[in-house]
Amino acid sequence: MILASLVLPIEAPSRPDASHLLGWFYHLLRDSHPELHDRQMPPPFTLSVAGREGGYWLRITLLQELLYAELSPELYSLAGKQLRLGPMDVRVRAVLHEGHPWAGLTTYPRLFRDPIEKDYPFRFASPMFFRRKKTHYPLPEPKLVFGSLYERFSAYAPVAPPEELQERFEYITLRQVSLHTRSIEHESRGVGVVGKAVYHLLEASDEEARWLTVLWRFSFYAGIGAKTSLGFGQTRPLKVLSGVKNGDTDEAS
């Protein structure tokens, strides 16, 4: 029932391409999980490359305990070793599951222990978009955002959210928005959105609000939207500070 976010600080001559990280990761999965390459459902992992010159890092999140159990020995052993990512060699300085803002280790049951919320602030750290009729659709509509999380949680958590929860997405509204578009090129040219958005649940029972709180916190590991295996839709749940106005937020992952 483990959820993992591993951060690998690297030494590299330039920023690696996320597609090369995905190619390396599929090679890692080739023997144990060859079916993951072509399956239609969202993958049980996300991958991304971030940072600037002199401080690049890779991020790997795993949504299945079996996948974590199988891959963690090899992933943790990468510290101090060289990786071949496309045309370049990079050196992995460390493998972190704590001590970095984008690293973390938890379990699905722990997601249920947090207080129930009815406000759900997110920071979309990398361009997020949805696939609609073979095009990029960048608007973070509540139904699309929570529908994406619902789909991933249902696929990999030990207990699935109730189907009727999807009806409650119609009662979620955007309370605050600070977003801008960013051009992306993947399969076709389009845009994604980055920035912050606060969603608010208008009407719900405590049980429904609990499930939405769980999905909100799950977003740190699952990402939101399309192509999360290529670094898109990397997301942080944020916590609204009591008594603070104007949408100021604090990280709550």
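The values are calculated or read from the model by the stated rules, or taken from the named source; none is laboratory data. No experiment lies behind these values; they were computed from the predicted model shown. For neighbour counting, all protein chains shown are included, and Cβ atoms are generated from backbone atoms with ideal geometry for every residue, glycine included.
Just a few scattered comments:
- Tally, over region 48-88, of residues that are under 22 Å from LYS227 (Cα atoms), small (Gly, Ala, Ser) and assigned to a helix (DSSP H, G or I): 0
- The residue list GLY243, GLY195 contains one member that is at pLDDT 95 or above, surrounded by fewer than 22 Cβ atoms within 10 Å (Cβ to Cβ) and at positive phi, which is GLY195.
- Contact map, region 74-102: residues that are farther than 17 Å from LEU3 by Cα paired with residues that are modelled with pLDDT under 95 and exposed (fewer than 14 other Cβ atoms within 10 Å of the Cβ), Cβ distance under 7 Å, separation 6+ or inter-chain. Pairs shown: MET88/PRO13.
- Enumeration of residues in region 167-186 that are outside any strand (DSSP E or B) and loosely packed, with under 15 Cβ neighbours inside 10 Å: GLU167, GLU170, TYR171
- Selection within region 139-156 - surrounded by fewer than 19 Cβ atoms within 10 Å (Cβ to Cβ) and either of a type in the set (A, V, I, L, M) or modelled with pLDDT under 95 (or both): LEU139, LEU144, ALA155
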